[in-house]
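Peer 1: Here's a structure for you.
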Amino acid sequence: MKKYLFALATSLALAIGAAAHAQTTHLKVTVPFEFTVGDTTLPAGEYDIQAKGPWGGNVLSISNRKANASAFVISASYVDAKNSKRSELVFTRYGQQYFLSEVWGANDLGRRMPISSRRVELAKGQPESEVVLMAASGKK
């Protein structure tokens, strides 16, 4: 009986670890414009985006080492049937201001960023457009 419980516990731990690994987000992307994520404005440049925390994490780390610029944002995970399993970043644009709104890994799991008060303010007076940038998987 003890061997059975040990085998069951080991199998469960392996399954949980595999699920957590499958949901991990790690992307590299060049953003050619200044953008805002949360309440932080980041310069154009090369970014490394990683999910932090257990189960693939809801906290995204967005960092540009060359510019010494970074931000952490709590994202909401969701699944969208229209996603084509490509790694991409989706920005919402108002005039010349860009806001990171979604991050997609090479799986069906997307991450949606919270909408800041600044974005809400701009949305009232300007038309909205969407800009999509392709990202490379940063897996080692």
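The values are calculated or read from the model by the stated rules, or taken from the named source; none is laboratory data. Not measured: the values here are computed from a predicted model. Cβ sites come from the backbone with ideal geometry, for glycine too, and all protein chains shown count toward neighbours.
Peer 1: Could you grab me the full set of residues in the stretch 27-81 that are in contact (Cβ under 8 Å) with a residue 60 or more places away in the chain, touching a Gly at 6+ places or on another chain (Cβ under 8 Å) and not polar (S, T, N, Q)?
Peer 2: Within the stretch 27-81, Leu27, Lys28, Val31, Asp48, Ile49, Ala51 meet the criteria.
Peer 1: With the requirement that a residue be of a type in the set (Ser, Thr, Tyr) and more than 19 Å from the chain's Cα centre (by Cα), what does the stretch 116-140 give you?
Peer 2: Within the stretch 116-140, Ser117, Ser129 meet the criteria.
Peer 1: OK, next. Working only within the stretch 95-115, note down all residues that are surrounded by fewer than 19 Cβ atoms within 10 Å (Cβ to Cβ), within 8 Å of the chain's Cα centre (by Cα) and part of a loop (DSSP other than H, G, I, E, B).
Peer 2: Scanning the stretch 95-115 gives no hits.
Residues are listed down the side, and each one gets a yes or a no for (1) surrounded by fewer than 18 Cβ atoms within 10 Å (Cβ to Cβ); (2) part of a strand (DSSP E or B); (3) aromatic (Phe, Trp, Tyr); (4) at pLDDT 90 or above:
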{"position": "Phe6", "(1), (2), (3), (4)": "yes, no, yes, no"}
{"position": "Val73", "(1), (2), (3), (4)": "no, yes, no, yes"}
{"position": "Lys85", "(1), (2), (3), (4)": "yes, no, no, no"}
{"position": "Leu89", "(1), (2), (3), (4)": "no, yes, no, yes"}
{"position": "Thr92", "(1), (2), (3), (4)": "no, yes, no, yes"}
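Peer 1: Is it the case that the stretch 100-120 has a residue that's modelled with pLDDT of 95 or more, on the phi < 0 side of the Ramachandran plot and of a type in the set (A, V, I, L, M, F, W, C)?
Peer 2: yes
Peer 1: Here is a further query. Check off (1) within 26 Å of Ser129 (Cβ to Cβ); (2) assigned to a loop (DSSP other than H, G, I, E, B); (3) modelled with pLDDT under 90 for Phe33 and give me the number that stays unchecked.
Peer 2: Against the list (1) within 26 Å of Ser129 (Cβ to Cβ); (2) assigned to a loop (DSSP other than H, G, I, E, B); (3) modelled with pLDDT under 90, Phe33 comes up short only on (3).
Peer 1: Taking only the stretch 116-137 into account, find how many residues are closer than 19 Å to Ser77 by Cα and either without any contact (Cβ under 8 Å) to a residue 24 or more places away in the chain or outside any strand (DSSP E or B) (or both).
Peer 2: Residues meeting the conditions: 2.
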